[in-house]
1. So for the chain, taking the charge dipole from beta-carbon charges (+1 Lys/Arg, -1 Asp/Glu), which of 102, 79, 55 sits furthest toward the positive end?
2. Run the dipole for segment 1-73 about the Cα centre, Lys and Arg Cβ at +1, Asp and Glu Cβ at -1, nothing else charged, and hand back the magnitude in debye, nearest 20.
3. Amide H neighbours of residue 14 under 5 Å, at least 5 residues apart or on other chains, H built in the peptide plane: list them.
4. How many percent of the alpha carbon pairs in the chain exceed a separation of 15 Å?
5. Can you work out the accessible area per residue across segment 1-87, with the rest of the protein chains kept in place, probe 1.4 Å, in square angstrom?
6. Considering only protein heavy atoms and a probe of 1.4 Å, how much of the accessible area of the chain is carbon and sulfur, as a whole percent?
7. Over the chain, calculate the relative contact order: mean separation of alpha carbon pairs under 8 Å at least 6 apart, over the residue count, as a percent.
8. So how tilted is helix 25-43 from the main axis of the chain? Cα-based, degrees 0 to 90, rounded to 10.
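The values are calculated or read from the model by the stated rules, or taken from the named source; none is laboratory data. Owing to the predicted nature of the structure, the values given are computational and were not obtained by experimental measurement. In this analysis, Cβ positions are derived from the backbone assuming ideal geometry, glycine residues included, and neighbour counts consider all displayed protein chains. These area figures cover heavy atoms from the full protein model, side chains too; ligands, DNA and RNA do not enter into them. Shrake-Rupley method; radii C 1.70, N 1.55, O 1.52, S 1.80 Å.
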Amino acid sequence: MDSLQQFLYKLKLVPRLLEPANWTDREHEIVGEHFRYLQQLLAENRLILAGRTQNMDETTFGIAIFLAESEEAAASVMANDPAVKQEVMTAELYPYRVALYNSEWEK
């Protein structure tokens, strides 16, 4: 794992989904697949953290901080996220490095 680099991808819902009435069963299914995808990265010990803001307006976003071998591999992880692949969310990739971590937070 030492040769792996950290990356962050920022996710944003497509604008039409900011209105709850516009969600269909399809979008709910895709977001479920997205969550399972992140769970799989976690099970592979590649996901550092994932989460989202709790507001539901044009400023809402989610992040996934994860490990990959290269920027190309990281771009592939992001592109294969079902929410990105199925165009429910847009995503931007950034090289990243966690500087501080509170290990007591989990307790």
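1. 102
2. For this selection, approximately 160 debye.
3. 89, 90
4. Cα-Cα pairs of the chain separated by over 15 Å account for 65 percent.
5. 60 Å²
6. 53 percent
7. The value is 44 percent.
8. Relative to the chain, helix 25-43 is tipped by roughly 10 degrees.
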